[in-house]
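Contents: one structure, followed by commentary.
The values are calculated or read from the model by the stated rules, or taken from the named source; none is laboratory data. Since the model is a prediction, treat every value here as computed from it, not as a measurement. Here the Cβ is made from the backbone with ideal geometry for all residues, glycine too, and neighbour counts use every protein chain on show.
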Amino acid sequence: MNIAYFSLLLRLDPSPTDFETDLVELFGFSWVTEMALVESTKALFGFFSSMHYEAEEIRKHCVKFLQYVKVFISRITDNQPQHPYEELEVQLPSVLLEELHSIVLYIGCIRDLPSNIQVAFSIQNYGKLLPPSWHFLHLQLDIHWSILEILHVLGEKMLVVYAHQFMNLTGETLTNISLFDCVCTNLLCDFIALAINGYGKVRPTDAITCFPFPCNCIRELLIMMISLLDQKSKVSHTESFWNHISKLLRINLLNDNREDEHTHFSLNNKDPLGFSWWLLVHLAELYQYTWDGTVDDKKMKANWSFAENLLKLSCVLEEQLRMHLQCCLTLCRVWDSNLNTVTILWEYYCKNLNSSFAIPWLGIKNFATVSKTPFSLLELVRSCCMDEQSPDLYKTTNSYHFFLRIIALQMRKETNGTHPWKQIKGRIYSKFHQRKMQELSETGLMHFICLFLLLARTAEVEDVVSRATDLLGTLTRSSISVANKGLIWKGLFAFLLIYEEKGLDISALADHLSSSFHQVAKEFYLKTTDHSRKQTLWILLSAYIDGVQEVIENSSHLHLSEEKLFNEGFSMLLPACQISELNFTLMNLLVVDYYYFDTKLYCFQIILFQIKCLFELLPNIFYFYLIKFIILNIFSLGFALLTMDMPSTAPPDLQPQPFQSMMQNFGWDDMINPHLVSRFLSHLIQNNDVLSHLAGNGFVSFQTFTIRSWFRCVLQMHVGKTLGSTEKADTGLFCIMINCVGKKYADQLMEFTRLVFKLPEMETLLMKAKVELSSLKLEIKPALSLFIKVGRAAYNELQNLSEKSAMVSKALEYVGDIFKYMKPYLVNSDPPDSILLLYWTVGCLLKSWAAILATSKAQQLLCSIIDRLLLPLALLQQDKDLPTAKLAAIKENLPQCLQVIISSVSQTQGSYIRQQLHSIVHQYLGRFLPAAPSPSGIVNHPVLLAVCEPASIPSTVLLQKTVHFLKKGDNFMHFKGCAPPPRLASVLAFLHELLRRTKQTDQHTVIEILPAVLKCLLFVNELQVKKLSSEIVQLVIEDCYKGGIKINCVYSSLCLDFRKFIEEHVAVYDQQVYSVMEMISILDRSIIISQIPILTQSLMNSEHKRGLGKNNAQRSAYKKLLSCLGVDGEAEIAHLDAE
């Protein structure tokens, strides 16, 4: 169809390969190709009308006929030879118009069809047999489009072949032009009606992503109509596609169809404005396609005049306004520049700057917030300048931010060589004056700042900042609240960030801000200022300090007069601060200093100024804070080396061995921040003089302490991710400063690891384990795992008992008090990475150091691991659940932990360890059991892995515990009467896997579970339960044989369990018991044969108790069972019959 349409536009034969033969088959009859339409017009159109309502085959006939009409007309030329039907040919245009008009009236409009037929447009699966309604609707589209094509071709021929030959046979004013307009208008009205039906299901959040028309055929037809109408508009000066749409949508908006007497268009649309925006934006996207469906990157034809009219009507509720402006923003992306949109919207928003532009049903996060940092303010404006097309934009962006996005987009477009800023500037500036500024609320001030930040990024920054500063300067100190003042400072700092971004000197604006800060700091310093006022002023001061830090952090070279932000205000601020306020101020100032140090730009003005401010505090109690925040971080390393070179100069509290005391305080103390420890020790242990000094003074344990500190640093490698409020005050500054300058902690820890493995003591361990250090690539976790394995190898190499005891003591020193320095993370279960690393490390310790932990010296560590890691207090409390990260870590490491505990039980026979093993199995057997049996959930159960995985330690103890809990636990296999326990299928799946993987381990323990499994067969009819139960019984029976030989003692116990089962249940459930016995006889007939006496006696007792003679039903069921038992069964049947 597309190729034919293209030929039509070029005035070529629309189908050069069709209708070339003398005869053409139409509607099942043969016709003369060159004469049929002229001689038999009425007959052909009659066939067409009569066959219209049939389905697919008829649709092909109809389309083929209309194609024939189009080809026939196009092939007629003005120099044809005279035909005997010349008189008829003269009437052909008039007859065609009459017939085409009749077809249009006959088939009617798509919008008037019943809804159950229109819904066929939504069928998308074209691979199946389509219903007649689908073919009927597409036949409607084919007919309308074919009529438009025929009328277009006829119009071309009316200019040449049929000029002055038109005969009005209808008695009406009907021409090819008027009929073309009528068909085109009706077809567009049908499409609009279909779109309105779908609009009711479209949420405002999905307007951009939901296409108005349910069928792609309509989309293709619209693309061809766009091309046809715009082509005719250029050639014949008729209405373009946008003119048609605008006229129809205007009728939809105003409910006024007086503009066109041929348009009978009345639709019930509750939101005509939103619908018009929705349809407009999706129709605009169709302009990117050419007639053949390919994408064309040329500038799209715009319809701004209609869009402007929509904008003037769009000052409505925020919920609707967001959708309208999102559509407008999309149009701005695909159409050319139009500054009138900015002008229209600015007229609305300049009057409503104090509005929050929130939608209540989107939740509290949707409401406007003004508590932003300068950087976040700038990030908000940057996001408005990005050409983002996120589907969630409606929810995350209010209408005012959409307006800012439209401004940014229009500012980037060219307008005939003139920058849009020159046209927008006056309209925006003229709306602000002193009275307007004083009327702004905190929200309005936020919107004002965002607007000018956007203009500063997209236009002339210095001009915009100057204008914004002048306008903010009109606000007097008495007329503005502290909150608004803080917001203004944040806005001005955001302007400074833009200056930094563009590489402009900030001195003028920095002087202005610095002067305001000095005034506030002076008031804060005065003793006459009451406490509540100081708290209010601190909001401003902290905002200034934060702003200074952000400017320094975002400066690339620190050469744009940033030092002007520091003045005497700080010297007045620091003495007046409370402890928490001083903490905050010093942290920010030190971060600023480190940024200067890191860029190698030592601004002596700032450094000397801060030293002066800080040393004024020395006589006060703040000396402690100076030591903590400055000396501890900056001078600890140098001071340690100084105590080594000149020990006599050290303070008295470090004597008599000052260097060892410094090492203890900053390197080996478990409470010192790990970032500081790794940095401190990394610098010292690579210094040969330090190692010689420590060894020369007889301090032989320093290597052990260093290895222990490394072990702690690795376990605390995620310390900076989550900190409590107290820890933040103590350790947050360390993390900030260390991350500000030098290597990151991970890199620092890698370096520390490399140096630790070069210590002589560590090299000795590696040598005993026969590990070549040169062949290793020391990553942090693999290095930790290697260290633990090396400890095991070194212990196993020892033969002397005293040496082994010394090695156990050394190993415990390496590990240190894990639970002392990991307590905060265990209590809070945060960060998850620390929890996972701790459990992984302990799992490695238990796996590799099983022999060490089994000794009496290490029993305390083993008990602590069990009590604090495997059986934490929260596990035993009914109202608490273990955090997800901790539970996942336990599940992953529980198998190896259980194996080590079992080993300890077998070696020490400790009652406490045995009791704790009992508790572990009790807690986790059911906790990790899935609600329904699944292969991964059962096979990877940690208790099952501990019992069944190949190991050098015996698992009989754990097997006994597991079977005991499955047998006795109320939640596993304990029946309440006939009611089965919950998760029975999962329990049986677990038990089946347990028995399958522990065959020939402990037959007496396995048989203990048999009575409960037999109950499952007796009382539960669920197919999965019966299957698993029967397989378990089979495994139990197989365990009674070893190498095909019966184990008599085990077999006797098995038969005894069957006997008890029969005695307990046959009197009440005789039929079910016989059924169970029949199933078991298939597995092992001898077991059931041994039960024949008790079964027969039970039958006799039942009949005797009933007192009615023989129970034929029960005897019949029993005989059925006996018939499965071979000769013994037949003999018993004969015995019963002989009674």
Considering the range 429-451 alone, what residues qualify as being assigned to a helix (DSSP H, G or I) and of a type outside the set (A, V, I, L, M)? Tyr429, Gln434, Arg435, Lys436, Gln438, Glu439, Glu442, Thr443, Gly444, His447, Phe448, Cys450
Given (1) closer than 21 Å to Ile1007 by Cβ; (2) at pLDDT 85 or above; (3) aromatic (Phe, Trp, Tyr), identify the lone condition not met by Tyr1074. (1)
Note on Tyr400: of the conditions (1) of a type in the set (Ser, Thr, Tyr); (2) surrounded by fewer than 13 Cβ atoms within 10 Å (Cβ to Cβ); (3) in contact (Cβ under 8 Å) with a residue 24 or more places away in the chain, unmet is (2)
When you look at Glu550, is it under 27 Å from Asp505 (Cα atoms), at pLDDT 85 or above, in contact with a helix residue (DSSP H, G or I) (Cβ under 6 Å, 6 or more places away or on another chain) and not hydrophobic (A, V, I, L, M, F, W, C), yes or no? yes
Those residues of the range 762-791 that are modelled with pLDDT of 85 or more, surrounded by fewer than 17 Cβ atoms within 10 Å (Cβ to Cβ) and more than 41 Å from the chain's Cα centre (by Cα) come to a total of 3
In this structure, is Ser1098 out of contact with any Leu (no Cβ under 7 Å at 6 or more places or on another chain), closer than 18 Å to Gly1126 by Cβ and of a type in the set (Gly, Ala, Ser)? no
Select the helices (runs of 4 or more DSSP H) contained entirely in the range 353-428, then report the ones holding at least 2 residues which are modelled with pLDDT of 90 or more. 374-385, 399-412
Only one of (1) over 17 Å from Leu845 (Cα atoms); (2) of a type in the set (Lys, Arg); (3) free of Cβ contacts under 8 Å to residues at least 60 places away in the same chain does not apply to Lys820, and that is (3)
As an exercise: evaluate Thr855 against (1) modelled with pLDDT under 80; (2) more than 19 Å from Phe819 (Cα to Cα); (3) not charged (D, E, K, R) and give the number of the one condition it does not meet. (1)
Failed criterion for Asn338 (all others in (1) over 30 Å from the mean Cα position of the chain (by Cα); (2) at pLDDT 85 or above; (3) farther than 30 Å from Phe495 by Cβ hold): (3)
For Glu813, are the conditions met, namely being without any contact (Cβ under 8 Å) to a residue 60 or more places away in the chain and in contact with a Phe, Trp or Tyr (Cβ under 9 Å, 6 or more places away or on another chain)? no
Test of understanding: among Leu988, Leu1023, Leu1028, which residue is modelled with pLDDT of 80 or more, within 43 Å of the chain's Cα centre (by Cα) and surrounded by fewer than 21 Cβ atoms within 10 Å (Cβ to Cβ)? Leu1023
